[in-house]
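I have placed the structure first, in the form of structure tokens, so that the comments after it can refer back to it.
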Amino acid sequence: MTIIDVDHDILAKRDVLISRLEQILPSDCLLCHEDQLRPYEADAQTMHKQTPMAVVLPETTEQVSATLALCNELGIKVVPRGAGTGLSGGALPLADGVLIGLAKFNNIVDIDYDNRCVVAQPGVTNLAISDAVRDDGYYYAPDPSSQIACTIGGNVAENSGGVHCLKYGLTTNNVLGVEMVLMTGEVVRFGGKHLDADGYDLLGVITGSEGLLGVITEVTVRILPEPETVRALLLGFNSCEDAGACVGAVIAEGIIPAGMEIMDRLTIDAVEDYCHPGYPDAEAVLIVELDGPAAEVDYLIERVTALAEENSATSISTSQSEEERLRFWQGRKAAFPAVAQLRPDYYCMDGTIPRGKLPEVLARMSEMAAEKDLLVANVFHAGDGNLHPLILYDANVPGEMAKAEELGAEILKLCVAVGGVLTGEHGVGTEKRDLMPEMFSEADLEHQQRVKCAFDPEGYLNPGKVFPTLHRCAELGRMHIHRGQVPFPDLPRF
Amino acid sequence: MTETLQPQTPDQLLEVIAWANAENATLNVRGFGTKLGLGEAVEASHMLDMSTFSGIVNYEPEELVLTLGSATPMAELENLLAENRQMLAFEPQDWGWALGRESASGTIGGAMMVSSNGPRRFKAGAARDHLLGLKAVSGRGEAFAAGGRVVKNVTGYDLSKLMAGSYGTLAAATELTLKVLPAPEKTYTLLVYGLDVEPAMALMRALANTPYDVSGLAYVAAHTASLSSVSYVRDRQMSVLGARIEGLQISVHHRLQALKEMLTGAQEIDELRTHNSVAFWQEVRDIKLLPNLAGDVLWRVSAPPSAAASIVAQCQPDHWVADWAGGLIWLHYDRADAGQAEVVRTSVQAGGQAMLVRAPDDLRNAIPVFQPLPQGLATLNRRVKENYDPNGVLNPGRMGV
């Protein structure tokens, strides 16, 4: 795919760029040799690769600011990157652009229990925030499966989720403030340790903006006291549809578990071979995790057990110890690497659908996979309808990667057709960019781009991501004004 | 008398806003008009009455999702949710009393547009966290949709967040999709009497940091507590700290017990059961604990909870209530006084904001209603406004951007 056309005039400025960057940055913060650039050629969406003109690894906000101001002056595009764990190509470099990596921003700035928040630099990993406060009985709730490696800055850029979103929300519901450097080099702070937006809720649109608005240099997140008790149920079913019906029944009862995860037969078999978590012999497994005060959790375990029985569960186990709970999760957490053993490559999708559409979507998805002669393993955050179909393929078989991409696109179109969305937590990036018109009209996309125009009117920051067509702001949807028409004669007026 | 235009369909709304752009008209956007007066005064050539866009479009309780017209009355919505044992977790405030009028809950669109959040906000999130998607006509006179009807969604820019709290200055919304949640089975409140300000604020922060899921933390000074309709709050002539515990009965009992065990035993305590508990939190939410006098002044201060005691000490209000474990403070002055505004605004300079909610006209006209923004942020706010409403057609000046 073409991300964006390469500008050869910009490539010709490479020497000027490098020498100017050398004046801004210490030598170990600037990479420009081919072998140094190679590790940055893709994020975790590795179907497409590209090395940038240079990689900048700044250590201070001032260096970020000076770098962006320089690129702004020279008219050079910039792609921000955290740990490169993104699955949608949001950090895919541009041949005529600079990649700015925030890995060196790895300090926790402030732990503030009085105001229940942590201030961290963007390169701090998601898990490191929880680790920093765990001994005092706190944690940071959003927990993407890459949490050991992914950074909090990347989480804000992508509005990352995790298995506990159902009860605790996505990143956007847990971020209190950011410091951001705009393309001009200007440093602006949004939010802070108080809860109300100052002016428009720009923090709300920055979260999930995929690096198109600015470079984040500090993040303030809300932390939570750890729950008193956490227990899980491991339920077996004769089909994913039955498991899905059980999920609906739990929610209809007014119960919001901390997480509800379904795995299908293919995934169960794969994880059993891979790490032997002792899952039941079933067509589908559902893990329901409940957290809170002990008395509440014990009571809810009974309620969910009863609902599972009513919804034809073929096996029911309840964790009696922390070891057992972790064993239930072991298979789920290893699902992606386990499935990766089945075929050389897999392609992970991320659509969300209304929960009630699950049977319809699962059935249609297996038909579509069969038509393409591909296997799809299903792992999903069932509580919030976020599907992760893993399309198995072998990139060395000619045409198979293209077939996998086609099937992926068809699955996402199906998600939209039943009232869902293209991506629940991985982001649009380059991967789903060209599918955006499936979900949004031209006018919808133009209204989204208005935010971009307010922050980065020249469009230097991460172009080619999210929006299928990046209009020049000056030309974006010029207003059509017709003067002198008779205004709405039929309208009630008083 | 300003002419009122009442579009009957989204197409007519589009036509009205396009016409306003062509004819240099300006529109004061309203649902039921219960929140006119919140924010800066709007001078517009026409009133845009959105009340036609009312009614439930789609409600799937088991999906925890509800789509409805933006002018659906809050009362109708809350009744429907209650019938299904569900709720809006952000607990929108009835602004009537705060604005010196009778109780008036208005429309869901109005609540969203002013980001109306109640006592549960510090735990359950704000209005914006419960808005999944919307349909609207922007100030450009163009119809657009944003978001979706599923909770977990990162497809494209989250314009729902931008529109929530925008006071109708960017777009006029016709339809909203909300996330709804199960309503609690029981609501109890632990009351702790007689604490001074600093220990009370410290205790609220400590309670917020327990694993017992406290969903309301408010403090009322003694002479303010005497204005409560709840006898347990009113009659002891002491300050009152309220800690709300909601959920399953079995869990509520357990957590209440755990909270009591945290206290030293030196404090005088009591409990509010279901009805009294609901009544107390409504008073806190709607600011009914504060007086409503001719010529008085009401400020709404949002700041880090640890700053609460210092803010109150600096501002010396006649009456006040702290909510959100100290993160929200309502300051009431019996009358306006030179220098008051300066003191309030300065008290949050280290982080936070003070909004003037109610004041005599001369004070309102003399100072910005919203906390002035730092320059960089102010510039971005202005650019956002220009992008969505380049001719300043919608609610001109309301946010002071």
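The values are calculated or read from the model by the stated rules, or taken from the named source; none is laboratory data. Keep in mind the model is a prediction, meaning the values are calculated, not measured. Heads up, the Cβs are rebuilt from the backbone with ideal geometry, glycines too, and the neighbour counts pull from every protein chain shown. Quick note on the areas: whole protein, heavy atoms, side chains included, nothing else; ligands and nucleic acids left out. Shrake-Rupley method; radii C 1.70, N 1.55, O 1.52, S 1.80 Å.
Just how far, in whole angstrom, is the stretch B:263-335 from the stretch B:39-85 if you go by their alpha carbon centroids? For the stretch B:39-85 versus the stretch B:263-335, the Cα centre distance is 28 Å. If you model chain B as an ellipsoid using its alpha carbon gyration tensor, with each semi-axis the square root of five times an eigenvalue, the axes come out at 36, 26, 18 Å, biggest first. Evaluating 6.51 cos²θ - 1.76 cosθ + 1.60 at θ = phi - 60° for every residue in the stretch B:9-19, the Karplus couplings come out as 9, x, 5, 5, 4, 4, 5, 4, 6, 5, 4 Hz, glycine and proline recorded as x. Projecting label points 7 angstrom from Cα along Cα→Cβ for B:Glu268 and A:Ala12 puts them 8.5 nm apart.
Just to be sure I understand: if I project the alpha-carbon convex hull of the stretch B:297-375 onto a plane and average over all orientations, what area do I get in nm²?
On the way: hull surface 19.4 nm².
Dividing the Cα hull surface by four gives the mean projection, 4.9 nm².
Would you mind working out the magnitude of the charge dipole of the stretch B:322-379 relative to its Cα centre, with +1 at each Lys and Arg C-beta and -1 at each Asp and Glu C-beta, to the nearest 20 Debye?
Working: 4 positive and 6 negative charges, 25 e Å.
For this selection, approximately 120 debye.
Tell me whether the stretch B:49-182 comes out rounded, prolate or oblate; compute the Cα gyration tensor, take square roots of the eigenvalues as a ≥ b ≥ c, and use a/c under 1.5 as the rounded threshold. Because its axes are fairly even, with a/c under 1.5, the stretch B:49-182 counts as rounded. Computed over chain A, the convex hull of the alpha-carbon atoms projects to a mean area of 28.3 nm².
Sorting B:Arg85, A:Arg189 by accessible area (1.4 Å probe), largest first, what list results?
Reading off the accessible areas and sorting them downward yields B:Arg85, A:Arg189.
Net charge in the neighbourhood of A:Ser88 (other residues with Cβ under 15 Å of its Cβ; Lys, Arg +1, Asp, Glu -1) is -2.
Please compute the contact order of chain A in relative form: average sequence separation of alpha-carbon pairs under 8 Å and at least six residues apart, divided by the residue count, as a percent. Could you put the intermediate results ahead of the total?
On the way: 1031 pairs, mean separation 67.5, N = 494.
It rounds to 14 percent for chain A.
Extents of the stretch B:224-270, taken as max minus min of Cα coordinates on every principal axis and listed largest first, are 32, 25, 11 Å.
Among B:Leu293, B:Leu259, B:Leu176, which one shows the biggest mean-square fluctuation in a GNM of chain B, springs joining Cα atoms closer than 10 Å? Among B:Leu293, B:Leu259, B:Leu176, the largest GNM mean-square fluctuation belongs to B:Leu293. A full extension of the chain between B:Gln314 and B:Arg335 corresponds to an added length of 5.8 nm, given 0.36 nm per residue minus the alpha carbon distance.
Largest accessible area first, the residues A:Lys167, A:Lys333, A:Lys465 order themselves as A:Lys333, A:Lys167, A:Lys465 under a 1.4 Å probe with ligands, DNA and RNA left out. For the stretch A:226-336, what does the alpha-carbon gyration tensor say about shape, rounded, prolate or oblate, given a ≥ b ≥ c as the root eigenvalues, a/c under 1.5 as rounded, and a/b over b/c as prolate? Cα axes put the stretch A:226-336 in the oblate bin.
Dividing the alpha-carbon radius of gyration of the stretch A:67-123 by 2.2 N^0.38 Å (N being the number of residues), what value is obtained? Display every interim value, and only then the final one.
Numbers: Rg = 15.1 Å, N = 57, 2.2 N^0.38 = 10.2 Å.
Cα Rg divided by the expected 2.2 N^0.38 Å: 1.48.
Mind giving me the FRET efficiency for B:Glu185 and A:Leu74? R0 is 45 Å, r the Cβ-Cβ distance, nearest 0.05 is fine. Walk me through the numbers before you get to the answer.
Working: r = 62 Å, r/R0 = 1.38.
So, using R0 = 45 Å, E works out to roughly 0.10.
Cα-based radius of gyration for the protein assembly as shown, normalised by 2.2 N^0.38 Å, reads 0.93.
So if we plug the beta-carbon distance of A:Gln36 and A:Glu371 into 1/(1 + (r/R0)^6) with R0 = 45 Å, what FRET efficiency do we get, rounded to 0.05? Intermediate values should be presented prior to the final figure.
Working: r = 44 Å, r/R0 = 0.98.
Approximately 0.50, to the nearest 0.05.
With a cut-off of 10 Å between beta carbons, the residues surrounding B:Tyr167 carry a summed charge of +1, where Lys and Arg count +1 and Asp and Glu -1.
Using helices alone, what [θ] at 222 nm do you get for chain A, with -39,500 (n - 2.57) per DSSP H run of 4 or more residues, divided over all residues and rounded to the nearest 500? Don't skip to the end; give the middle numbers.
Working: 17 runs with 166 residues, N = 494.
When only DSSP H runs of four or more count, the value is -10000 deg cm²/dmol.
Per residue, the convex hull spanned by the Cα atoms of the stretch A:250-313 measures out at 98 cubic angstrom.
Solvent-accessible area of A:Ser160, all protein chains in place: 10 Å² (probe radius 1.4 Å, heavy atoms, ligands and nucleic acids excluded).
Considering only A:Gly162, A:Cys29, A:Gly75, and ranking their Cα positions along the charge dipole of the stretch A:25-173 that arises from unit charges at the beta-carbon of Lys, Arg, Asp and Glu, the one farthest toward the positive end is A:Gly162.
Computing FRET efficiency as 1/(1 + (r/R0)^6) for A:Ala417 and A:Ala443, where r is the C-beta to C-beta distance and R0 is 25 Å, gives about 0.80.
Lacking any other cysteine beta-carbon closer than 4.7 Å, the following Cys residues of chain A have no compatible partner: A:Cys29, A:Cys32, A:Cys71, A:Cys117, A:Cys150, A:Cys165, A:Cys240, A:Cys246, A:Cys275, A:Cys348, A:Cys415. The residues packed around A:Asp136, meaning those with a beta-carbon under 13 Å from its beta-carbon, carry a net charge of -3 if Lys and Arg are +1 and Asp and Glu are -1. Converting phi to 3J(HN,Hα) with the Karplus coefficients 6.51, -1.76 and 1.60 and the offset θ = phi - 60°, the stretch B:346-362 yields 5, 5, 10, 4, 6, x, x, 8, 10, 10, 7, 8, 9, 6, x, 4, 5 Hz in sequence order, with x at every glycine or proline. The 3J(HN,Hα) values that the Karplus relation (6.51, -1.76, 1.60; θ = phi - 60°) gives for the stretch A:438-451 are, in residue order, 5, 10, 10, 6, 4, 5, 4, 5, 5, 5, 5, 5, 4, 5 Hz. Gly and Pro appear as x. The stretch A:365-422 and the stretch A:76-146 have their alpha-carbon centroids 29 Å apart. Charging the Cβ of each Asp and Glu at -1 and of each Lys and Arg at +1, and nothing else, the dipole of the stretch A:331-394 about its Cα centre rounds to 280 debye. To the nearest 10, the accessible area of A:Ile10 is 10 Å² with a 1.4 Å probe. Classify the stretch B:166-209: rounded, prolate or oblate, from the alpha-carbon gyration tensor (a ≥ b ≥ c, eigenvalue square roots; a/c under 1.5 rounded; otherwise prolate if a/b is larger than b/c)? Because a/c hits 1.5 or more and a/b fails to exceed b/c, the stretch B:166-209 counts as oblate.
Note on chain A: lysine pairs with Cα distance below 13 Å, sequence gap of 8 or more or different chains, count 6. In the Gaussian network model of chain B, springs joining C-alpha atoms below 10 Å, which of B:Gln93, B:Gln257, B:Gln316 carries the largest mean-square fluctuation? Looking only at B:Gln93, B:Gln257, B:Gln316, the largest GNM fluctuation is found for B:Gln257.
Taken about its Cα centre, the protein assembly as shown carries a charge dipole of roughly 1720 debye when the Cβ of each Lys and Arg holds +1 and the Cβ of each Asp and Glu holds -1.
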